[in-house]
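The values are calculated or read from the model by the stated rules, or taken from the named source; none is laboratory data. It should be emphasised that the depicted structure is a prediction, and the values quoted were computed from it without experimental measurement. Cβ atoms come from the backbone with ideal geometry, glycine included; neighbour counts cover every protein chain shown. In case anyone asks, the SASA skips ligands and DNA or RNA and just uses the protein heavy atoms, side chains included. Shrake-Rupley method; radii C 1.70, N 1.55, O 1.52, S 1.80 Å.
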Amino acid sequence: MKRSVISFAICMLSTLVSAQDVLVTKNGDAIKAYGTEVGSETVFYQESQATDAPTKRISKNDLLIIKYADGRVVNMTESTAAVAAPQSVPAAKTTTSASAIAQNKELINKYNSNKARYIGEPSSKKTKVLYCECTVTDDSKLCDDNLELVYKTKNVSLVNNKLAVTLKNKTQRTIYIDLGNSFFTSEEVAEAYYVPQVTSTTTSKSTGVSVNAGAVAGALGVGGALGTLASGVNVGGGTTHGTSTSTFSQRVVAIPPMSVIELAPKYFVNRQKMFDNGIEFEITSHYNCIKLHNKKNSFLTIGSEKEYTPDNSILHFSNYITYSFSEAIDSPTSLNASFFVSRAIAVKATAVLDNNGAYWGIDNNQLSDGYTQKLRVLVRQQESK
């Protein structure tokens, strides 16, 4: 009776896993997976077929076998040469099609169109707050045939200007981003998106392989003597002992097919620039605040505005993103986008409350609809020292 129940369970498991891959760990867990990709040290997979399903990862050293939906079975304990599933990964395209060039031009026009208008009551009163719109330069490359960069400024206030970039995978393949060779640059000071971090933890380590024989046999779709598999892998017990391990932050991140990830927002901080006319532009790390030092009688008055060119703009910043279709970042390619503040409108400041207290923002009723969709920053006019 017991043997019949086990056989029935194995048959049921084989039926359930026929439409997807199965990853069997050395701890005996059977993980249902889709879009499995085997890298040099890591296996990437998704737990559903949804286009927005997150990509998860597991170390190859933690896996015993992989059963693919087409019936192939890979023994992860054997040498790399014996692994049949992974195939050579073609390099990313280094050329850009005519349609991608047209889309890039359309994206630039979209960012640079629909300028905000001041619709409040103009005043001769000098203000301390400037609403500044950012323009994308014509030589920027916001997309190609594989990847698209989507920009927005987050938590815009006088004490919190952050730039966020979302990376959109336009292909049916996984794209890998090299954070160590991807940068945010503000006033010629570059900052990599990869920040090396190490976290130490204490775990237990097994000597020998101890797995759930039923889960493994079910994943393989075969029966067999308890304690061995058809491939000869021992599933008996082992010994464990405590050990300390260090976890390093990931330099390479994966974007699943037809999905997006958002990189960590970057602050405009610790930058200074002195203009020829004596006006000083400053971003202080104490407030995360952008300041424009000027003579009091030169402050913009409420409702007035000022245009800037790339040559005299108060702020320049850019992104450089490196990617590949290979986890090892073979044959990499890149996208780059450059911005500058092209226009400033003097507005009234207003106090806004949040969980951290009050900060200075702007009165939404002063600007025309749609200004929140613009790539923008807030600047504080401050009297010269």
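Remarks
- Each label point was placed 7 Å from the Cα along the Cα-to-Cβ direction; for Ser384 and Ser298 their separation is 0.5 nm.
- Rolling a 1.4 angstrom probe over the protein heavy atoms with all chains in place gives region 120-197 an accessible area of 41 Å² per residue.
- Between the amide H of Asn161 and those of Phe268, distances stay under 5 Å, these residues lying 5 or more places away or on another chain, with hydrogens modeled in the peptide plane.
- At R0 = 51 Å, FRET efficiency that the Cβ-Cβ distance of Asp145 and Asn365 yields, to 0.05: 0.75
- Förster radius 35 Å - calculated FRET efficiency between Ser124 and Asp311 (Cβ-Cβ, nearest 0.05): 0.70
- Label-point separation in nm, Thr171 to Asn61, each point 7 Å along Cα→Cβ: 3.0 nm
- For Leu375, the residues whose amide H sits under 5 Å from its own are Cys134, ignoring neighbours fewer than 5 places away on the same chain, with H placed 1.01 Å from N.
- Residues whose amide H falls under 5 Å from that of Lys348, counting only those 5 or more places apart or on a different chain, are Asp363, with hydrogens built in the peptide plane.
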